[in-house]
Structures are given as C-alpha cells and as structure tokens.
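Novice: Handing you this structure, nothing more for now.
The values are calculated or read from the model by the stated rules, or taken from the named source; none is laboratory data. Everything numeric here is computed off the predicted structure, so don't read it as measured data. No Cβ is skipped: glycine too gets one built from the backbone with ideal geometry, and neighbour counts run over all protein chains shown. Surface areas here come from the heavy atoms of the whole protein model, side chains and all, with no ligands, DNA or RNA. Shrake-Rupley method; radii C 1.70, N 1.55, O 1.52, S 1.80 Å.
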Amino acid sequence: MSTKTVLITGTSSGIGLATAVAAARSGWQVIATMRDTAKAGPLLAAAEAAGVTVDVRALDVTDPASVEACLAGLDRLDALVNNAGAGHVGTLEQESVENVRAVMEVNFFGVLHVTKSALPLLRASKGRVLTVTSVGGVIGQPFNEAYCAAKFAVEGFMESLAPVAATVGVSVSVVEPGAVASEFVSNVRLADNALEQAGSYAPALSAYLDRTRGAFAGAQEPQDVAAQMVELLAAERPAFRVQTSDAARGFTAVKLTDGDGSAVLALTGGWVR
C-alpha cells in the first residue's frame, strides 16, 4: 500500500507541531501547514531530531484563496487534521462584535473552509477528518465566551456532518483536549493586560486567572495529545468524540450528563468567585 497522506493545519507550535512529527514517525506523508512559513523553524528542527521529513506549506485558514491554493496541488489526501486556532479571553460588554467575529473566523469558519476543500479528496480515498476542538467546545467557560462559542459551533457542525460524510466513506471525529502546556502563556498575557481595564469585571477576571493558572500547572504535554491523534489516524473505526486526558473526560462528563445545566453553572460559577 502506498504511503498515506495527512494534511495538518496550525503546525508552527503546540499540538499541530507535535502531531506533524508524530505522524511522520508513524509513516505518514505529512503536509504541515501554517499561516507564515517563516515560523517553520521549530517544526523543521523537531522533524530533523526525530529523523523524519515534513512538507511545509503556507495555508491561512481564514483566507479561502489560500486554502484553495494549498489543496489544489494535492493528488491524494487520506486524512485532514484541523488544528489551527487561537485562544481568546474577554467578555461581551467590553469587546466589540468585530473581535468576536474574528475569533469565529479563525476557530470556526477556518475549519469549514479547509474541510470543504478537502472533502472531494477524502471521498476519493475513503479518508477521515479529525478536528481539534476543546473541552471548551462542550462546556462554556467564563471569559471564553467567543472562543467557546466557536468551539461549540465546530462541534455541532461536525456532529451533524459525521453521519452524512459516513455515507460517502469519510469518517469525522472531534478531539477535545483540556489544558495543554503550549496554549496558556498567550491567553494569560491577554487577560493580564486586560485587568487594568476590566472595571466591574476585574474581581471575576482576577479569580478566573488564578484558577486558570492552577489548572495549567498540570497541563497535558502536546506530545501526549499528538500520540493519541496518531492512534486516531490509524484506527479502523475512530470514535466521533475523543477526550485526550482523564481530566478532560471527567470535565466534559459533567455537561454530557447535566440535563438542566445546573451542574455546569455550579462548577464554572466557582471559577469567578
């Protein structure tokens, strides 16, 4: 059987970088994409250290022309990993609707652009789509309103798409990490800078940050998530919804068994007091 090809978005750091290297080590031909290929140094260094090669290409998930240009050059695609995304900390009264739209563009519409372009190739190969969402795609979290809205949207879209895609031989899965070491610093920096201007929300934001720092002290490593992504790529029948740690499984289980929403609000309400 010829080597299978996987395209992974957002590979300049974190989960995407680790998954690109791990997939290459497992024998996949890896097309590692990122918005700015000038930032490919850490990926290429990690690939060299692992004794593998990856094909780095430019792809901006928010630019349909960039997506089309990247996918147009492929003759075959067996799997797509939608990983590109960006965290965002803020609350509605204090930010513009335009900011919220920007979060949706990266985390929701970006996933749609890439998946839509990849589906004809995936139909031909009977391939699969893995989309990295978040536990924030299951449980809404304080000061993550826009981010969680985008991740909720991705989960709803993919859950609806999955049975339809299956009729043409394409499997669809969502992957829900909890705290991952690579994502915390930039999120907290944004929020720390916002504290001075938080006004009435300052006590709640301060409490949220204290709680979040504690949660990320034991964050999962990107390499651990990547190992599970590679298992999903190889699985004969991958599950639709996959959490990447015991903590993530326990957290999402609160929502998935919470008929009236009271358990979720009791949990997250404690984060801001």
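Novice: If I go through the range 11-25 residue by residue, how many of them are surrounded by fewer than 24 Cβ atoms within 10 Å (Cβ to Cβ), touching a strand residue (DSSP E or B) at 6+ places or on another chain (Cβ under 6 Å) and outside any loop (DSSP other than H, G, I, E, B)?
Specialist: Qualifying residue count for the region: 1.
Novice: Could you run through the range 71-85 and say how many residues are surrounded by fewer than 18 Cβ atoms within 10 Å (Cβ to Cβ), of a type in the set (A, V, I, L, M) and touching a residue at least 40 places away in the same chain (Cβ under 8 Å)?
Specialist: Residues of the range 71-85 that are surrounded by fewer than 18 Cβ atoms within 10 Å (Cβ to Cβ), as a first pass: 72-76.
Then keep just the ones that are of a type in the set (A, V, I, L, M); that gives 72, 74.
Checking the rest, the ones that are also touching a residue at least 40 places away in the same chain (Cβ under 8 Å) come to 74.
Looking only at that region, the number is 1.
Novice: Another question, if that's okay. Quick one: in the range 26-48, of everything that is over 19 Å from the mean Cα position of the chain (by Cα) and touching a residue at least 40 places away in the same chain (Cβ under 8 Å), which residue is most open to solvent (accessible area, probe 1.4 Å)?
Specialist: SER26
Novice: I would also like to ask the following. Name the residues in the range 208-225 that are free of Cβ contacts under 8 Å to residues at least 12 places away in the same chain and either touching a Ser or Thr at 6+ places or on another chain (Cβ under 7 Å) or open to solvent by less than 70 Å² (accessible area, probe 1.4 Å) (or both), would you? Before you say what the answer is, go through the steps one by one.
Specialist: Let us first name the residues in the range 208-225 that are free of Cβ contacts under 8 Å to residues at least 12 places away in the same chain, namely 210, 214, 217.
Of everything in the range 208-225, just one residue is free of Cβ contacts under 8 Å to residues at least 12 places away in the same chain and either touching a Ser or Thr at 6+ places or on another chain (Cβ under 7 Å) or open to solvent by less than 70 Å² (accessible area, probe 1.4 Å) (or both), namely GLY214.
Novice: Among the residues of the range 56-70, write down those that are closer than 23 Å to LEU17 by Cα and open to solvent by 20 Å² or more (accessible area, probe 1.4 Å).
Specialist: Here is the first cut: in the range 56-70, the residues closer than 23 Å to LEU17 by Cα are 56-64, 66-70.
Hits for the range 56-70 are VAL56, ARG57, ALA58, ASP60, THR62, ASP63, PRO64, SER66, GLU68, ALA69.
Novice: For VAL264, state whether it is touching a residue at least 40 places away in the same chain (Cβ under 8 Å) and either in a loop (DSSP other than H, G, I, E, B) or within 19 Å of the chain's Cα centre (by Cα) (or both).
Specialist: Values: touching a residue at least 40 places away in the same chain (Cβ under 8 Å): yes; either in a loop (DSSP other than H, G, I, E, B) or within 19 Å of the chain's Cα centre (by Cα) (or both): no.
So VAL264 does not fit the description; no.
Novice: Is it the case that GLU105 is under 25 Å from ALA179 (Cβ atoms), of a type outside the set (A, V, I, L, M, F, W, C) and modelled with pLDDT of 95 or more?
Specialist: Details: under 25 Å from ALA179 (Cβ atoms): yes; of a type outside the set (A, V, I, L, M, F, W, C): yes; modelled with pLDDT of 95 or more: yes.
In short, yes.
Novice: Right, something else. Which pairs turn up if I take residues in the range 234-254 that are free of Cβ contacts under 8 Å to residues at least 40 places away in the same chain and look for partners that are β-branched (Val, Ile, Thr) and not in a loop (DSSP other than H, G, I, E, B) with beta carbon separation below 7 Å, at least 6 apart in sequence or on another chain?
Specialist: Hits for this filter: zero, empty list.
Novice: Kindly provide the set of residues from the range 204-216 that are aliphatic (A, V, I, L, M) and closer than 8 Å to ALA181 by Cα, ordered by number. Outline the logic, then answer.
Specialist: Filtering the range 204-216 down to residues aliphatic (A, V, I, L, M) leaves 204-205, 207, 209, 215.
Answer for the range 204-216, where residues must be aliphatic (A, V, I, L, M) and closer than 8 Å to ALA181 by Cα: there is none.
Novice: Does SER66 satisfy the condition of being touching a residue at least 60 places away in the same chain (Cβ under 8 Å) and among the hydroxyl-bearing types (Ser, Thr, Tyr)? Lay out the reasoning, then the answer.
Specialist: Values: touching a residue at least 60 places away in the same chain (Cβ under 8 Å): no; among the hydroxyl-bearing types (Ser, Thr, Tyr): yes.
Spelling it out, it is not the case that SER66 is touching a residue at least 60 places away in the same chain (Cβ under 8 Å) and among the hydroxyl-bearing types (Ser, Thr, Tyr).
Novice: Also, quick follow-up: Give me a count of the residues in the range 86-99 that are closer than 30 Å to THR19 by Cβ, out of contact with any helix residue (DSSP H, G or I) (no Cβ under 6 Å at 6 or more places or on another chain) and open to solvent by 30 Å² or more (accessible area, probe 1.4 Å).
Specialist: Pass one, the range 86-99, residues closer than 30 Å to THR19 by Cβ: 86-90, 99.
Among the residues that remain, those that are also out of contact with any helix residue (DSSP H, G or I) (no Cβ under 6 Å at 6 or more places or on another chain) are: 90, 99.
Checking which are open to solvent by 30 Å² or more (accessible area, probe 1.4 Å) leaves us with 99.
Result for the range 86-99: 1.
Novice: On to the next question. Given (1) crowded, with 17+ Cβ neighbours inside 10 Å; (2) touching a residue at least 24 places away in the same chain (Cβ under 8 Å); (3) assigned to a helix (DSSP H, G or I), identify the lone condition not met by CYS148.
Specialist: Here CYS148 meets the rest and fails (2).
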